[in-house]
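Let me begin by presenting the structure, written as structure tokens, before commenting on it.
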Amino acid sequence: MTEATIIGGGIGGLSLAVGLKQRGIDFHVYEATDEYKPAGAGIIWQINTMQALDRLGLAADVQKHGASHAGYSVRDASDEFVMENDWTEFEDEFGFRVHGIYRSKFQEILVSKIGEENITMGKECIGVEQDGDSVTVQFADGTDVDAAFAVGADGINSAVRESLFPGHSLEYLDCVTHRGLPEWRPPAEVEDKLWNVFAEDGHVGYVPLEADTRKGYWFYTMHSEEIESKDPADVKDGLLERAASKPDRVGEMIDATPVDSIKSVDAPYVPPMETWSKGDVTLLGDASHGMTPHAAQGGGMAIEDALALSIALDEHDSLEDAQEWYESVRIERASEFVERSRRNGLGAISEGADHIEKMRHAPAEAMKQQVREDLTLGF
Ligand SMILES: Cc1cc2nc3c(=O)[nH]c(=O)nc-3n(C[C@H](O)[C@H](O)[C@H](O)COP(=O)(O)OP(=O)(O)OC[C@H]3O[C@@H](n4cnc5c(N)ncnc54)[C@H](O)[C@@H]3O)c2cc1C
């Protein structure tokens, strides 16, 4: 199989590079930023993602450097039990628990596996052109490269998607997610869990990222109108005000958060696409199925894409067959998570008490069956 030119060295692009290296397929990564800086806060790798990471040879590093979670618990504003998932049960079946890890640590792991010489930084792609024989990837610095096969892994605002499918625009959920890194250790009774509080004014949760200290990050997702400012000091004040009507640990953790670690992001998503490929170019990750954060699966889907595309390129003689197989195992599943994330987000920000009651009364067996389906990669 010919060399892959990967545009975008984020979670998906770098994971694809790991998969191709593992299979002895040539590749080169072009990344827009000048250097990798500690980005974002942390990320949750669910059990399906852990299985994909294992097949890419990365799960042991995540287990070593991240924090495992025994379960997912939901309480209401009065700290009353709503629901709980016990992930140790799924560990027996699928071999892994959910893990949280600092994004910067995960990025470091990926770059160390790939080798810096295989990544060119400071290369912002502005478009791709195809003439039937080859692909020309154009960069903002006026240079271009010819590629036999190019992969657009350039994130939710993908320039490659815009070149291939002009007008397939982002849509937005009327929602904002605030995040922060507190100097804080969660109370012992919840320290091994990914714990959540759902209330009428949004959904707050805490994600441990370090095994021994249980240090981690919190997120608070709410309707955009709740706190309109994105200035971190205003956000902190607004969240502390809302925390007064929640269990004490919510206020304690927000209070213990340095203002400069607080970031607020909107909730764009890519409406599901029928195909991710045109000619000798294919999309991967958020470029093809960017989703709102409410299922914590966007990065996981990018990693599943990376595994699938590296298998496809390894096991098919023609690029066309590889692209067809890749899309056949990925589009339906990723599109389902785009829709699920949007639905979960809408529930959390707009449906208030009804959403909480739905979770409280969801039949346990049906929920477990859904989780099992979610955890099964299907290829
Ligand atoms: C608040 C929040 C919480 C989240 N939590 C989770 C979670 O817990 N679990 C989970 O699985 N997912 C989560 N996600 C989603 C996850 O972050 C994304 O789905 C994931 O980063 C997608 O990976 P990607 O490689 O496709 O895109 P990115 O990680 O965005 O990488 C794209 C890369 O391409 C580069 N780039 C951009 N434009 C160009 C260009 N024109 N030319 C060259 N390079 C370019 C960028 O600099 C970047 O390095 C969350 C998202 C948000 C917003």
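At-a-glance table
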item	result
Long-range neighbours under 6 Å by Cβ, at least six apart or interchain, first residue under 21 Å from Asp248 (Cβ atoms) within the stretch 168-191, second at pLDDT below 95 and of a type in the set (A, V, I, L, M, F, W, C)	Arg179/Ala41; Leu181/Ala41
Near pairs, Cβ below 6 angstrom, 6+ apart or cross-chain, from the stretch 228-242 (touching a residue at least 60 places away in the same chain (Cβ under 8 Å) and closer than 11 Å to Ile262 by Cβ) to any residue that is of a type in the set (Val, Ile, Thr) and surrounded by 14 or more Cβ atoms within 10 Å (Cβ to Cβ)	Leu239/Ile254
Test: residue in the stretch 176-184 that is aromatic (Phe, Trp, Tyr) and either part of a strand (DSSP E or B) or under 22 Å from Val338 (Cα atoms) (or both)	no
Lone qualifier among Ser310, Ser341 - being in contact (Cβ under 8 Å) with a residue 60 or more places away in the chain and within 14 Å of the chain's Cα centre (by Cα)	Ser341
Index of the failed condition, Lys263 passing every other in (1) surrounded by fewer than 20 Cβ atoms within 10 Å (Cβ to Cβ); (2) more than 9 Å from the ligand (Cβ to nearest atom); (3) of a type outside the set (Val, Ile, Thr)	(2)
Residue among Ala59, Ala70, Ala52 that alone is within 14 Å of the ligand (Cβ to nearest atom) and either touching an Asp or Glu at 6+ places or on another chain (Cβ under 7 Å) or farther than 28 Å from Pro258 by Cβ (or both)	Ala52
Exclusive hit being within 14 Å of the ligand (Cβ to nearest atom), in a helix (DSSP H, G or I), in contact with a strand residue (DSSP E or B) (Cβ under 8 Å, 6 or more places away or on another chain) and under 30 Å from Ala159 (Cα atoms), set Gly13, Gly9	Gly13
Qualifying strands (runs of 3 or more DSSP E) (wholly inside the stretch 116-169; at least 3 residues being surrounded by 14 or more Cβ atoms within 10 Å (Cβ to Cβ) and at pLDDT below 95)	none
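The values are calculated or read from the model by the stated rules, or taken from the named source; none is laboratory data. All values derive from a computational prediction rather than experimental measurement. Here the Cβ is made from the backbone with ideal geometry for all residues, glycine too, and neighbour counts use every protein chain on show.
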